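Below is one structure, written out as structure tokens, with a few remarks after it.
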Amino acid sequence: QVQLVESGGGLVQPGGSLRLSCAASGITFSLYTMDWYRQTPGKQRELVAYISSGGSTNYADSMKGRFAISRDNARNTVYLQMNSLKPEDAAVYYCHARFGGAAYWGQGTQVTVSS
């Protein structure tokens, strides 16, 4: 059974930082490209960043320079370091794993940015 379990969300003040984690089980983690998406009410889920199985990364324009995605294949975990957070970064953040025709979602973790 595949599980992606996100953690690390919470309430942070504008300008603050959070690190999200996504622990995977039931897949050969090292083969998968790992994505972070986010979604706010009434909006489509948007891609935040991804990291390939080889470690290549890519970011949405609004996150470049503020967010960093990384992975630890020994721990089957992908991370999203979020710095200089803005109120518009508030959303539910989802982990997504993809390889070939397989794709899996986590349950999401809430990030709130407010003073």
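The values are calculated or read from the model by the stated rules, or taken from the named source; none is laboratory data. Keep in mind that this is a model prediction, so the values were computed, not measured. We place every Cβ from the backbone using ideal geometry, glycine too, and count neighbours over all the protein chains shown. These accessible areas exclude ligands, DNA and RNA; they are computed on the full protein's heavy atoms, side chains included. Shrake-Rupley method; radii C 1.70, N 1.55, O 1.52, S 1.80 Å.
Observations
- Cα Rg, Dmax (largest Cα-Cα span) when computed across region 62-115, Å: 13.1, 42
- Among GLU88, GLU6, the order of accessible area from largest down is GLU88, GLU6, computed with a 1.4 Å probe on protein heavy atoms.
- The base-10 log of I(q)/I(0) for the chain, evaluated at q = 0.13, 0.16, 0.21, 0.22 Å⁻¹, reads -0.44, -0.67, -1.13, -1.23 [Debye formula, identical scatterers on Cα atoms, solvent excluded].
- Taking every protein chain into account, the accessible area of the chain amounts to 51 square angstrom per residue (probe 1.4 Å).
- Put a plus charge on the Cβ of each Lys and Arg, a minus charge on the Cβ of each Asp and Glu, and nothing anywhere else: the dipole of the chain about its Cα centre is then about 40 debye.
- Residues of region 95-115 with amide N under 20 Å of the 7 Å Cα→Cβ point at LYS86: 111-115
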